[in-house]
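Worksheet for the structure shown next.
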């Protein structure tokens, strides 16, 4: 039994040549602590954005109340609702990469502390999710820019 | 060849953490997205540099002989700061991605270390920039409140 398990361990080790040695551990540890800091700052920014959105909504609602339900008041309240929604949407979009980053950092720190392979895998998976999320977001934003550029050119050529 | 690998196996007892199949897929996907993000970043840096050049070589209607130097220098300085602050994390990210891709393809421990070092440098750079931004914000707020 003992020999059998030894053999399997040896076989597994032969498959994977790359190791997380002391140097890599120190790099990953530093990355994790900066990542934790950045994710916490990101969460605070999300919170501030939500607060600003709600304040905007309140101020626009107060402005709209001056109009007493006329056309201007209606448009102001609609603008206020738009700005509030926009800010909250941005805050929600910005929330998720920070969540992934926080998960990466926390799991990486515990993986390095306990030399836990499962935590390490989960941590790197979270960092991958963070990169993927930001990458897809970048693609979406760039395509928005491209579309608006094309629409702008077409609109300019029509006049 | 087999004996050459023996010292590596000796160190297995010391370091339990491995780059296994699951990790490899995560790291290679990370490298791909990182490369894309860094290239987008390089392009944006290039666009800002272009803006700087256009600003430098265009006639400015708002500048006269009596404009103080700090007013003339403000926009170029800001643009240069943006370029520098944006270029270096992108460079580190690009280094991470290319080195990690190579390390995973050829099982090279040295390159993997360089890749992780660059990832660390990227996070550290962005983190220190964030710290500086936050402290500048605080200073400006304190200045505005106490004025």
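The values are calculated or read from the model by the stated rules, or taken from the named source; none is laboratory data. A quick note: this is a predicted structure, and the numbers were derived from the prediction, not measured. Here the Cβ is made from the backbone with ideal geometry for all residues, glycine too, and neighbour counts use every protein chain on show.
Values as computed for the structure displayed
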quantity: Residue that is surrounded by the most Cβ atoms within 10 Å (Cβ to Cβ), among those in segment B:99-114 that are within 19 Å of residue A:108 (Cα to Cα) and more than 9 Å from chain A (Cβ to nearest Cβ); calculated: B:100
quantity: Filter result for residue A:13 (modelled with pLDDT under 95, in a helix (DSSP H, G or I) and surrounded by 12 or more Cβ atoms within 10 Å (Cβ to Cβ)); calculated: yes
quantity: Selection status of residue A:24, surrounded by 17 or more Cβ atoms within 10 Å (Cβ to Cβ) and farther than 18 Å from residue A:103 by Cβ; calculated: yes
quantity: Residues satisfying the stated conditions in segment B:19-32, i.e. free of Cβ contacts under 8 Å to residues at least 24 places away in the same chain and at the interface with chain A (Cβ under 7 Å from one of its Cβ atoms); calculated: B:20, B:22, B:23, B:26, B:29
quantity: Check on residue A:133, within 14 Å of another protein chain (Cβ to nearest Cβ), surrounded by fewer than 12 Cβ atoms within 10 Å (Cβ to Cβ) and part of a helix (DSSP H, G or I); calculated: no
quantity: Qualifying residue in segment A:20-33 (condition: assigned to a helix (DSSP H, G or I), within 16 Å of the chain's Cα centre (by Cα) and either within 19 Å of residue A:130 (Cα to Cα) or more than 14 Å from every other protein chain (Cβ to nearest Cβ) (or both)); calculated: yes
quantity: Matching option when the condition is within 12 Å of chain B (Cβ to nearest Cβ), surrounded by 14 or more Cβ atoms within 10 Å (Cβ to Cβ), in contact with a strand residue (DSSP E or B) (Cβ under 9 Å, 6 or more places away or on another chain) and part of a helix (DSSP H, G or I), among A:120, A:127; calculated: A:120
